[in-house]
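The values are calculated or read from the model by the stated rules, or taken from the named source; none is laboratory data. Predicted model only: the values in this text are computed from it and were never measured. With ideal geometry, Cβ positions are generated from the backbone for all residues, glycine too; neighbour counts draw on all protein chains shown. Quick note on the areas: whole protein, heavy atoms, side chains included, nothing else; ligands and nucleic acids left out. Shrake-Rupley method; radii C 1.70, N 1.55, O 1.52, S 1.80 Å.
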Amino acid sequence: MIVITTPTGNIGGRLLHLLLDESPTRGEELRVIVRDPGRLPETVRARVDVVVGSHGDADVVDRAFAGADAVFWLAPPDPRASSLEAQYSEFTRAAAKAFVTHGVGHVVGVSAIGRGTPVADRAGHVTASLAMDDLIASTGVAYRALACATFMDNILWQVDPIRGDGVFTDTSIADRKGPLVATRDIAAAAADLLLDRSWTGTGEVPVLGPEDLSPNDMAHIMSEVLGRPIRHRQQSLDDLRAALTARGAADTIVSGYVDMMRAKNNGLDDGVQRTDRTASPTSFRAWCEQVLAPAVRA
């Protein structure tokens, strides 16, 4: 049995559908942990075992992991968490104990690239995510951390300014190239690992996308796909802090995002080489054509 956390999220939801497609031929039983089962389509609820609640709750994971062979783990964002440790390691602690109690064989988690770089210990959310990986690995379970690049899908938060003003904004240096990954490729990497389970020990599986792009490169591709000029506007870290604070995020979470973005501009994402193993298939152009353009034109 495979247990899927965040089954209604961008990654977990895609993963669930990939596993549902494979389960009839592979004989895999699927269980999901979800706060609101109503967010799952009725056709999905009929094919999975549903455990209701938060996967940060000890009683919930104790019920969910009973009889499980493998778990997909993702610590959800919490803009009001009291600390980054609370959002990642503390949220995961009950699950880590339950992995051992129930003899879960394999865990696949969503994390980030950056381990081993000079800025990894002061990269906010990434630093906290790497500490979560270490916590899971310390249980002795076979663990693979999906070390992900920046998500292409984060741009969907900016559909309105892209549509209305022809602008997308972030804190990246305009001509600094870096890796980007589509969340659907992260889900596919997770599905491959969860369905295989011949691997042992602990380690990272980088998921880097097929190419490095700068914000200027991204603006050029968006312009071609959308058929109108799109430009990049670099946001200062102070402005990022002010914007996140205005949305109600806790000070520690805001500082975590600011530190992470500063670290990315200082080389956080430069530590992993792209190879046939670390590349993922979806190009930014394909993602713009298949995901961004329909959202902008809706």
Practice item. Among residues belonging to segment 185-225 that are more than 30 Å from ILE2 (Cα to Cα) and of a type in the set (Asp, Glu), point out the one that is most open to solvent (accessible area, probe 1.4 Å). Key: GLU224
**Study point:** Single unsatisfied condition, GLY140 versus (1) more than 15 Å from TYR88 (Cβ to Cβ); (2) buried (at least 24 other Cβ atoms within 10 Å of the Cβ); (3) out of contact with any Leu (no Cβ under 7 Å at 6 or more places or on another chain)
**Key:** (2)
Practice item. Name every residue in segment 16-73 that is touching a Gly at 6+ places or on another chain (Cβ under 6 Å) and under 23 Å from ASP185 (Cβ atoms), in order of residue number. Key: TRP73
Practice item. Only residues that are closer than 19 Å to ARG14 by Cα and either open to solvent by less than 70 Å² (accessible area, probe 1.4 Å) or among the β-branched types (Val, Ile, Thr) (or both): list them for segment 55-95, please. Key: HIS55, ALA70, VAL71, PHE72, TRP73, LEU74, ALA75, PRO76
Practice item. Please work out which residue is most open to solvent (accessible area, probe 1.4 Å), limiting yourself to segment 165-184 and to residues that are touching a His at 6+ places or on another chain (Cβ under 9 Å) and among the aliphatic types (A, V, I, L, M). Key: ALA174
**Study point:** All positions within segment 107-124 that are free of Cβ contacts under 8 Å to residues at least 40 places away in the same chain, open to solvent by 10 Å² or more (accessible area, probe 1.4 Å) and assigned to a strand (DSSP E or B)
**Key:** ALA112
Check your understanding: Quick one: what pairs do we get from segment 57-71, first residue farther than 16 Å from MET1 by Cα, second assigned to a loop (DSSP other than H, G, I, E, B), C-beta under 9 Å, 6+ apart or different chains?
Key -> ASP59/GLY53; VAL60/GLY53; VAL60/SER54
Check your understanding: Taking into account only those residues within segment 6-17 that are in contact with a helix residue (DSSP H, G or I) (Cβ under 6 Å, 6 or more places away or on another chain) and over 18 Å from MET152 (Cβ atoms), which is least open to solvent (accessible area, probe 1.4 Å)?
Key -> PRO7
**Study point:** Selection count where residues are in a loop (DSSP other than H, G, I, E, B) and within 26 Å of GLN235 (Cβ to Cβ), scope segment 125-167
**Key:** 2
Practice item. Determine, yes or no, whether PRO215 is within 22 Å of the chain's Cα centre (by Cα) and without any contact (Cβ under 8 Å) to a residue 60 or more places away in the chain. Key: yes
Point to revise | Candidates ASP259, ASP251, filtered to the one that is in contact with a His (Cβ under 9 Å, 6 or more places away or on another chain) and farther than 17 Å from ARG176 by Cα | key: ASP259
Revision key, fill the gap. Expected single match for of a type outside the set (Phe, Trp, Tyr), open to solvent by 10 Å² or more (accessible area, probe 1.4 Å), within 18 Å of VAL107 (Cβ to Cβ) and over 17 Å from the mean Cα position of the chain (by Cα) among ARG35, ARG39, ARG45, ARG31 is ARG31
Point to revise | Odd one out for VAL50 among (1) aliphatic (A, V, I, L, M); (2) in contact with a strand residue (DSSP E or B) (Cβ under 8 Å, 6 or more places away or on another chain); (3) surrounded by fewer than 20 Cβ atoms within 10 Å (Cβ to Cβ); (4) part of a helix (DSSP H, G or I) | key: (4)
Exercise for review: Take VAL159 and decide whether it is closer than 17 Å to ASP217 by Cα and among the aliphatic types (A, V, I, L, M).
Suggested key: no
Check your understanding: Of all the residues that make up segment 251-296, how many are under 24 Å from GLU224 (Cα atoms), touching a Pro at 6+ places or on another chain (Cβ under 9 Å) and either polar (S, T, N, Q) or surrounded by 20 or more Cβ atoms within 10 Å (Cβ to Cβ) (or both)?
Key -> 4
Exercise for review: Inspect segment 28-45 for any residue being out of contact with any His (no Cβ under 8 Å at 6 or more places or on another chain), within 21 Å of ASP153 (Cα to Cα), of a type outside the set (Ser, Thr, Tyr) and assigned to a helix (DSSP H, G or I) and give the result as yes or no.
Suggested key: yes
